[in-house]
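Working notes, structure below.
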Amino acid sequence: MSFPETLKLPKKLELEKARLKPGETALLVIDVQNDFANPSGKLYAKGAERIIEPIKGLVDKARRAGALIIYTQDWHIKGDPEFKIWGEHAVAGSWGAEIVEELKPGEDDVVVRKPSYDAFYSTFLDHVLRAKGIATLILTGLLGNVC
């Protein structure tokens, strides 16, 4: 099974400058895992490897500013019913489930393993955001339309 063609964006996007409070801001890096971002992955999203460096730059900038970095990780047990839809992918402990090498989480980062599309469903993400006093969430990553 393959994903739809990559969304085409204008060559230049103008963004408003935002004033964020780093201690109340988290960067959520969604599912940049080998099975999705590596051409050898089981559900490779065509061209995904091109976004790794820009995401790394964003992670580095957020980390330097003191924002919390949170990674979501699609994470399935063997025989997960979801495999009937998408085929086997992101199996717990497998190479495919690992976050890509270029974006390996640091020791102060949070990794949220999720058994379904929704990063809030059956995870501790809500608890982390509330406990850390996060008021602003910045999203980046892969396949946000299904994650």
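Derivation of every value follows stated rules applied to the coordinates shown; laboratory data play no part. A quick note: this is a predicted structure, and the numbers were derived from the prediction, not measured. Here the Cβ is made from the backbone with ideal geometry for all residues, glycine too, and neighbour counts use every protein chain on show.
Specify which residue in the list 68, 92, 34 is farthest towards the positive end of the charge dipole of the stretch 32-147, using unit charges on the beta carbon of Lys, Arg (+1) and Asp, Glu (-1), about the Cα centre.
68
Go ahead and estimate [θ] at 222 nm for the chain from helices alone: -39,500 (n - 2.57) per DSSP H run with n ≥ 4, summed, over the residue count, rounded to 500.
Counting only the DSSP helices, I get -5000 deg cm²/dmol.
Based on alpha-carbon atoms only, what is the radius of gyration of the chain relative to the globular estimate 2.2 N^0.38 Å?
Normalised by 2.2 N^0.38 Å, the Cα Rg of the chain equals 1.06.
Pairs of Cα atoms under 8 Å, at least six residues apart: use those to get the relative contact order of the chain, whole percent.
The value is 34 percent.
Rounded to the nearest Å, what's the spacing between the alpha carbon centres of the stretch 21-61 and the stretch 93-136? Just the number, please.
Comparing the Cα centres of the stretch 21-61 and the stretch 93-136, I get a distance of 12 Å.
Does anyone have the angle between helix 52-65 and the longest principal axis of the chain? Alpha-carbon axes, 0 to 90°, nearest 10?
Rounded to the nearest ten degrees, it is 30.
For the charge dipole of the chain, defined by +1 on Lys and Arg C-beta atoms and -1 on Asp and Glu C-beta atoms about the Cα centroid, which residue among 52, 123, 22 has the Cα displaced farthest towards the positive pole?
In the chain, that residue is 22.
Would you mind counting up the charge near residue 73? Only other residues with Cβ under 10 Å from its Cβ, with Lys and Arg at +1 and Asp and Glu at -1.
So the surrounding residues net to -1.
Beyond 24 Å between alpha-carbons counts as too far, so tell me which of 56/114; 61/132; 42/78; 61/114; 84/104; 56/84 fall in that bin.
61/114; 84/104; 56/84
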